[in-house]
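Here the structure is laid out as structure tokens; the discussion comes afterwards.
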Amino acid sequence: MSQAALTITDTTLGKKYVMALSGLVLFGFVIVHMLGNLQVFLGAEAMNGYAHTLQSNPTIVWLVRFVLAATIIVHFGAAFALTAQNKKARPIKYRMKKDVATNYAAKGMIYGGVVLVAYIIFHLMHFTIADTAPVIAGKLGYVHSSPFGPEQMPNVYNNVIKSFQNTGMTAVYLVAQVALGFHLYHGSWSIFQSLGLSHRRYNDAVRSVAVAFAIVVVLGFAAVPIAVWTGFVQAV
Amino acid sequence: MKLKVHVWRQANASSKGKFETHEVSDISPDMSFLEMLDVLNEELVDHEKEPVAFDHDCREGICGTCSLVINGEAHGPQRAATTCQLHMRKFDDGDEIWVEPFRAGAFPVIRDLVVDRKAFDRIIQAGGFITARTGSACDANEIPVSKEIADRAMDAAACIGCGACVAACPNASAMLFTAAKVRHLNMMPQGQPEREVRVRNMVSQMDAEGFGACSNHFECEAACPKEISVEFIAEMNREFLGAMVKADNTVPKRG
């Protein structure tokens, strides 16, 4: 028996804590992001003002971006290590295997995660780094709108409207939200299980709240492209 | 009953196995699954063929020796039962049945349907015991244990170590087994002196054996013949985190 020591993240349980805690951070971000998006329904003034406020505080924005990027890398890294370990743990597959307890949300976690990483890259190209890659952004249907109001604020509002008047773009975003919903449902209640915050009196409630949260997040994000695509929200 | 049985045959750990198909007839619905295999083996012996090797001992569902994945389910389609307690009345005349060994890298096949589950023994050796002297039995109630704790420790201790949790887990994880063994002792007053070192060492050994991680599918709980709850997994997660953030934040790497 060797005398080498394992730190917490070397262990399987430690990697699950990393998954849970990084997932919690990302879940928090998703909710804040959703609330920001919903300002589309408050009109161009509110949305563009919000975007202007964010862009006027580059230190905070870049700090948040750095933390989020690091969190995604950590979340993805731990998932990759665990998946590799899991594949290795069963070198010979069953010829017949029946699922008794699991569900699509649980089985799709790793695939959903890959879809979400691809989606995040696409989404950043589409709305955030379009200026640095205008050719790609143009192909993706990104539209630059002329500045808004006397203060020449970025017209984020119109960018959103023009993007989602495109059916293909709306479809891509809606599919991604469904993937996000399943990922968040399984991920959010798993945070409790992985960190040991389990009690038989509350476990069912945690699952129900996870379903509710996932539905709220999916509807909250999907509301914007749907409202634009159906013409409920118009450009200014 | 007449059945078509596809059974995994593998001469030894290093050889490549394959399925072999046999027709078995005159099976009574009252037979256990293992008795059906006994009938098959008698026929094979009569025809001077090698009988199918499978694990079994008590045949009353308490020893944890029998195994098998039957039609894709560890211990077959009956809930809360081992293979020896599975009756042929669960199947229909003319059914096709696929019989495979428990599949996990940590459970190498020894022969046919027999797998080596010594990885579980090594997890127990890493901490699944108490170091108090084992002299003569002490007087009843000498150590007070509340009814609630005694019941719950018994729920965890009901684990017979069969390995169905590993077999059923999409990741071949041994979390349910390890959690049951950790929590069974860690809930009792007798288990307190080694409480932290137990969870650290048993988790370390579980990893060293090459089992997978828990991704909360809970197939283990559904397959467990003793219906061990996944709540114990959460409790082990909590105990391990607590033990690691206390004094020493490393665990010894076990061979």
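The values are calculated or read from the model by the stated rules, or taken from the named source; none is laboratory data. For clarity, every value in this text was computed on a predicted model and none was experimentally measured. Here Cβ is always computed from backbone atoms with ideal geometry, including for glycine, and neighbour counts include all displayed protein chains. SASA here: full protein model, heavy atoms, side chains in, ligands and nucleic acids out. Shrake-Rupley method; radii C 1.70, N 1.55, O 1.52, S 1.80 Å.
Pop out the ³J(HN,Hα) list for the stretch A:79-92 in order, Karplus 6.51 cos²θ - 1.76 cosθ + 1.60 with θ = phi - 60°, rounded to Hz; leave Gly and Pro as x.
Result, ordered by residue: 4, 5, 4, 5, 5, 4, 4, 5, 5, 5, 5, 10, x, 10 Hz.
What is the ratio of the Cα radius of gyration of chain B to 2.2 N^0.38 Å, where N is its residue count, to two decimals?
Chain B yields a ratio of 1.12.
Would you jot down the residues in the stretch A:72-90 that end up with at least 20 Å² less accessible area in the complete protein assembly than in the chain alone, with a 1.4 Å probe?
Residues of the stretch A:72-90 that lose at least 20 Å² of accessible area once the other chains are added: A:Gln85, A:Asn86, A:Ala89, A:Arg90.
May I ask for the longest run of chain B untouched by trypsin sites (Lys or Arg not before Pro) that are loop-located per DSSP and have at most 13 neighbouring C-beta atoms (other than their own) within 10 Å?
B:134-245
Output wanted: per-residue J couplings in Hz (rounded whole) for the stretch A:153-170, from phi through Karplus 6.51 cos²θ - 1.76 cosθ + 1.60, θ = phi - 60°, x for Gly and Pro.
6, x, 8, 4, 4, 5, 4, 4, 4, 5, 4, 8, 6, 8, 5, x, 4, 4
Based solely on its DSSP helices, what 222 nm [θ] is calculated for chain A when runs of n ≥ 4 H residues each add -39,500 (n - 2.57) and the sum is averaged over all residues, nearest 500 deg cm²/dmol?
So the calculated ellipticity at 222 nm is -22500 deg cm²/dmol.
Under a 5 Å amide H to amide H cut-off, with H placed in plane at 1.01 Å, what residues pair with B:Glu73 once short-range neighbours are removed?
Hits under the 5 Å cutoff: A:Lys98.
For the stretch B:218-231, in order, what is each residue's ³J(HN,Hα) by Karplus, 6.51 cos²θ - 1.76 cosθ + 1.60 with θ = phi - 60°, in whole Hz (x at glycine and Pro)?
6, 5, 4, 4, 5, 8, 5, x, 9, 6, 5, 7, 5, 4
Are there GluC sites (Glu not before Pro) in the stretch B:120-204 that DSSP puts in a loop and that have at most 11 other Cβ atoms within 10 Å, and which ones?
B:Glu142
Checking a compactness column here: for the stretch B:118-245, what do you get for Rg(Cα) / (2.2 N^0.38 Å), N being the number of residues?
Its radius of gyration relative to the 2.2 N^0.38 Å reference: 1.04.
Quick one: plug the Kirkwood hydrodynamic radius of the protein assembly as shown (C-alpha pairs) into Stokes-Einstein at 4 °C, 1.567 mPa s, and report D in µm²/s.
Translational D for this selection: 50 µm²/s.
For peptide B:167-175, how many partner chain Cβ atoms fall within 10 Å of a residue's Cβ, on average?
Taking all residues of B:167-175 together, the mean is 5.
For A:Ile8, what charge total do you get from the other residues with a beta carbon under 11 Å from its beta carbon, if Lys and Arg give +1 and Asp and Glu give -1?
So the environment of A:Ile8 carries a net charge of +1.
If one takes the accessible area of chain A alone plus chain B alone and subtracts that of the pair, with a 1.4 Å probe, what total in Å², rounded to the nearest 100, results?
4100
Counting only protein chains, not ligands or nucleic acids, how are A:Tyr119, A:Tyr111 ordered by accessible area (probe 1.4 Å), most first?
Result, largest first: A:Tyr111, A:Tyr119.
Got a sec? What order do A:His52, B:His22 fall in by accessible area at 1.4 Å, biggest, i.e. largest, first?
Result, largest first: A:His52, B:His22.
Could you state how much accessible area A:Ile121 has, in square angstrom rounded to the nearest 10, with a 1.4 Å probe and all protein chains kept in place?
A:Ile121 has an accessible surface of roughly 100 Å² with all protein chains in place.
Return the Rg/Rh value of chain A, two decimal places, where both radii are evaluated on C-alpha atoms and Rh is the Kirkwood radius.
1.03
Amide H to amide H under 5 Å from B:Phe19: which residues, 5+ apart in sequence or cross-chain, H placed 1.01 Å off N in plane?
B:Arg9
Can you list the residues, at least 5 places off or on another chain, whose amide H is less than 5 Å from the amide H of A:Met153, using H built in the peptide plane?
A:Phe148
Counting only other chains, and only Cβ atoms inside 10 Å, what mean value do you get across the residues of B:202-214?
5
In degrees from 0 to 90, rounded to the nearest 10, what is the angle of the helix B:33-46 Cα long axis to the longest principal axis of chain B?
Approximately 50 degrees, to the nearest ten.
How many percent of the accessible area of the protein assembly as shown is carbon or sulfur, using a 1.4 Å probe?
61
Rg and Dmax of the stretch B:50-178, Cα atoms, in Å?
Rg, Dmax (Cα atoms, Å): 17.7, 58.
With a 1.4 Å probe and all protein chains kept in place, how much accessible area does A:Trp229 have, in Å² rounded to the nearest 10?
Counting only protein heavy atoms, the figure is 130 Å².
Report B:Cys214's accessible area, 1.4 Å probe, all protein chains in place, as a number in Å² to the nearest 10.
20
How many Cβ atoms of partner chains, on average, are near each residue of B:96-103 if near means within 10 Å of its Cβ?
Shielding by partners across B:96-103 averages 3.
Students sometimes get this wrong: rank B:Asp207, B:Asp139 by accessible area, probe 1.4 Å, all chains present, largest first.
Largest to smallest exposure gives the sequence B:Asp139, B:Asp207.
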